[in-house]
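Single-structure report; data block below.
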Amino acid sequence: MEFLAKEYGYVVLTVVAYCILSIWMGIQVGIARKKYKVYYPALYALESENKDAKLFNCIQRGHQNSLEMMPMFFILMVLGGMAHPCICAALGGLYIVSRYFYFTGYSSGDPQKRLTIGKYGFLALLGLKICTISFGINLLRG
């Protein structure tokens, strides 16, 4: 533990916060499955069989996209945070807030609403990439 700054704890807590958000989104998908009668193993509703298919599919995609981005977010947080824990924690917080709005916008049934505030998550990821690149360069310099 001595090789990590104590501020790295912010990075750890930010990663946990994203896990909590992901669980919440999964619960929303479960609620939507019951409400719109989309049963497992179907990942998506078929518009030919379900009048609410688009709304359910938007909720499902909001969560699925967040799951798809999770590995990249985690690795950038963990590695970039080793050199820049406070910056990465702040960027991670921005990413989490933007992901919440991405999901709620998508869940409205209008996919364009996911980008109103959700688009700022891409800036947060860019910042995390820069922090991680900086960490890698500093390692190589010794």
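Values in this text are rule-based calculations from the coordinates and carry no lab data. As the structure is a prediction and not an experimental result, all values here were calculated from the model. Note: ideal-geometry Cβ built from the backbone for every residue, glycine included; neighbour counts use all protein chains shown.
Points to keep in mind about this one:
- When Gly109 is tested against (1) touching a residue at least 40 places away in the same chain (Cβ under 8 Å); (2) part of a helix (DSSP H, G or I), exactly one condition is not met: (2).
- Residue list for the stretch 87-103, filter: within 20 Å of Ile59 (Cα to Cα) and either surrounded by fewer than 16 Cβ atoms within 10 Å (Cβ to Cβ) or touching a residue at least 40 places away in the same chain (Cβ under 8 Å) (or both): Tyr95, Ile96, Arg99, Tyr100, Tyr102, Phe103
- Taking (1) in a helix (DSSP H, G or I); (2) without any contact (Cβ under 8 Å) to a residue 40 or more places away in the chain; (3) more than 30 Å from Gly81 (Cα to Cα) in turn, Cys58 satisfies each apart from (2).
- Count - residues of the stretch 37-60 that are touching a Phe, Trp or Tyr at 6+ places or on another chain (Cβ under 8 Å) and surrounded by fewer than 18 Cβ atoms within 10 Å (Cβ to Cβ): 4
- Scanning the stretch 4-17 for residues that are surrounded by 12 or more Cβ atoms within 10 Å (Cβ to Cβ) and part of a helix (DSSP H, G or I) returns Tyr8, Gly9, Tyr10, Val11, Val12, Leu13, Thr14, Val15, Ala17.
- Residue match in the stretch 18-38 (condition: under 20 Å from Cys131 (Cα atoms), in a helix (DSSP H, G or I) and either out of contact with any His (no Cβ under 6 Å at 6 or more places or on another chain) or of a type outside the set (Val, Ile, Thr) (or both)): yes
- Whichever residue in the stretch 121-136 is aliphatic (A, V, I, L, M) and more than 14 Å from Phe73 (Cβ to Cβ) and, among such residues, is surrounded by the fewest Cβ atoms within 10 Å (Cβ to Cβ): Ile133
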